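Structure first, then comments.
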Amino acid sequence: MLLHQHFVRIAKQFENKTAIIDRTTGKSVSYGKSLIASLILADKFKKYDEGFIGIMIPTSAGCALSILGALMSGRTPVMINYSTGAAQNCEYAQKKCAFKTIIASKALVEKINCPRVPGMVFIEDIMEHVSILDKVKAALRAKLPVERLLKKIHGGEIDDNALILFTSGSEKDPKAVQLTHRNIGANVDGLIKVFDFTSDDVFLANLPLFHVFGQTANLWLPLYYGMTIVSYANPLDFKAICNIIREEKVTFVVGTPIFMWGYLRKSEPGDFASCRIMLAGADKTPDSLRQEFLHKHNINLLEGYGCTETSPAISVNTPVANRPGSVGLPLPNVSVRVENYETGEECAVGEIGKILVKGDSIMKGYFDDFEATTLSIRRGWYDTGDMGYHDADGYLWHVGRLKRFMKIGGEMVSLIRVENVLEHLLPDDVSCCVVEVPDSVRGAKIVVAVTRKIDEKAILKKMAEELPNIALPKNFVVFDELPKMGSGKIDFRRITDMVRDALQQK
């Protein structure tokens, strides 16, 4: 079913129930009022070009309703990353997807000092010009029986694009991922089959909606089943979020490990008492994070795994099927194959290989990039670019990006493995990232970026007890901080460039 049309059915069913509690603005909106607002925005958006329409609004009721309004008007939302280089990201998206109009938040643009980009229209200005007549017309339409109302909004096909999201660009230029109504709907359906959700669940929504994790877990999943969303625009405001979880009795929280560390450190015992599920994803979850959550809150922090191209969930640990350290069992409607990165043969249990995925949640492809699409999807299998293995019970274990492996002396060395060993040896206040850089003698070498000067000789001596000589770093470079993406993931590309520059200056 088309996402926006399903929302209409849910909104009619739960008309008087609270749909979104917006803790940034202090306002709440019911499902009935959300439907009316979406219909108003759909009418307003029809004045702009058909096809793609950009959206650059922080996580909020306004962003959710703009996405719904765009789909109801027949436009496809292109979500713009505003966390870094917002103006450049706007222009990149406009050029890549050949569109002009971007619905943006004036408050956001002013806060981040983003220059006004041609084609940018502010949602505040649109809402300011909503007339009494606009509201009456939308309210009357919202009262129509479901089938008549559905004929008043855009229809379309289930394999039409529902969203354009951009890959993180942590390793190279972002690609425009086409996610269809079928893709997102299938992922929501898979998640609902493994988690015991009900319409009484309350979801924290503080992840950016330009990221697939936020789109599915913070928007479409709760909306799809008539749950209540508690939105807050800043995932880094850790103390405020702990208060929100406690005050709104949130039952479901997702986030990256970086965010989860923040919530853990700023929380008090009892803050998360209402939470049935706390789930980390988008990056590896350290054992220490799981252990501290269990110690402080008696909560088993679960871990999942996914990609932008898979809408996103591929596998997940659940309260009834949890193997800490793994990324869980594949969703019921997702097939996972682990194959040898050189021969293409399926790997045996415990054998590390490339992770391939098949199912209805796999993207349509990269927009206007046939070459990248054909390289990523072969015979229906999407190549995640990740390495991992299955254990004897079917749990998937993620061991890192293929690009975070390097070949030295004919041996494959995992930079993630080097990182894991190093993290246990470094002081608690020191962060690290292990990267590969060119070397004139060996072709490539391992270098570590750290956030404080350390005793390198002592660390290397201890590392040699756990790693072969070829996996030991050749250099350590100190930076004040390690750059991250808006999602909280480490920006490997920027760190690699920083390391290269630092080594050239030595």
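The values are calculated or read from the model by the stated rules, or taken from the named source; none is laboratory data. A quick note: this is a predicted structure, and the numbers were derived from the prediction, not measured. Cβ sites come from the backbone with ideal geometry, for glycine too, and all protein chains shown count toward neighbours.
Tabulated results
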| quantity | calculated |
| --- | --- |
| Enumerated strands (runs of 3 or more DSSP E) restricted to region 118-219, each holding at least 3 residues that are touching a helix residue (DSSP H, G or I) at 6+ places or on another chain (Cβ under 9 Å) and either in contact (Cβ under 8 Å) with a residue 60 or more places away in the chain or assigned by TED's automatic domain parsing to the domain that holds Thr24 (or both) | 161-166, 176-180, 202-205 |
| Test: residue in region 360-382 that is surrounded by fewer than 21 Cβ atoms within 10 Å (Cβ to Cβ) and in contact with a His (Cβ under 9 Å, 6 or more places away or on another chain) | no |
| Where Val29 falls short, out of the listed (1) on the phi < 0 side of the Ramachandran plot; (2) in contact (Cβ under 8 Å) with a residue 40 or more places away in the chain | (2) |
| Checking Ser311 against (1) buried (at least 23 other Cβ atoms within 10 Å of the Cβ); (2) on the phi < 0 side of the Ramachandran plot, the condition it does not meet | (2) |
| Qualifying residue in region 83-90 (condition: within 17 Å of Val130 (Cβ to Cβ), surrounded by 24 or more Cβ atoms within 10 Å (Cβ to Cβ) and at pLDDT 95 or above) | no |
